[in-house]
Amino acid sequence: MHVAGAVRKPGVYHLRPGARGEDALKAAGGPKPEANTDAVNLAARLEDGCQLYFPTRKEQPEGGAPAEVASPAAYSAATKTQSKAAPGTGGVSKAGRKGGSGKPGKLTHPAQGTINLNTATAEQLQRLPGVGPAMAERLLEFRKENHGFQSVEDLLQVSGIGEKKFEKMRPFVRVR
């Protein structure tokens, strides 16, 4: 489990099977004073190989963990998202959809989840910062021609992705 954000000792921790968000927070030395621990469901069971991000109150000033993050799969599911819920709703929100279009919105915060470059559809890839339909097709073509992405850094080999775009995308992508 990778514990990141506003914790005293961010890093990768080996937790027992069935561990919960609270266990990960304790392993990382507890929250920093500016952490918004209400933004994360500390009771949710965690999955191996996932990241648990604790935002600051500046990053997420109010609200609890969104309903999607209440399930263990939310930490690794590329299609789950978080949106700001109305105050007083306990963080329960509609699945981060834009308007009524049914299309998922862009990822703006690592707590919203990550996209697996090796399994994502074109629509899922378009949730990444700086990725539109044309770039999504280039990513799919690269994946096909190279038998998948071996590392996140392989993005730099895709035409149209430079250091700046890569750094914007990096928090939202994974290869496993």
Inset, instruction - Please verify whether the stretch 8-26 includes one or more residues that are within 17 Å of His109 (Cα to Cα), at pLDDT 80 or above and crowded, with 21+ Cβ neighbours inside 10 Å. - result: no
Inset, instruction - Inspect the stretch 68-84 for any residue being part of a strand (DSSP E or B) and at pLDDT below 50 and give the result as yes or no. - result: no
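Taking the stretch 146-160 as the region of interest, how many residues are among the hydrophobic types (A, V, I, L, M, F, W, C) and within 11 Å of Arg174 (Cβ to Cβ)?
Final tally of qualifying residues: 2.
Report, by residue number, each residue of the stretch 138-151 that is surrounded by fewer than 17 Cβ atoms within 10 Å (Cβ to Cβ) and under 15 Å from Leu125 (Cα atoms). Working first, answer last.
Step one: of the stretch 138-151, the residues surrounded by fewer than 17 Cβ atoms within 10 Å (Cβ to Cβ) are 138, 140-141, 144-148, 150-151.
Those that are surrounded by fewer than 17 Cβ atoms within 10 Å (Cβ to Cβ) and under 15 Å from Leu125 (Cα atoms): Arg138, Leu140, Glu141, Lys144, Gly148.
The values are calculated or read from the model by the stated rules, or taken from the named source; none is laboratory data. As the structure is a prediction and not an experimental result, all values here were calculated from the model. Reconstructed Cβ throughout: ideal geometry from the backbone, glycine too, with neighbour counts over all protein chains shown.
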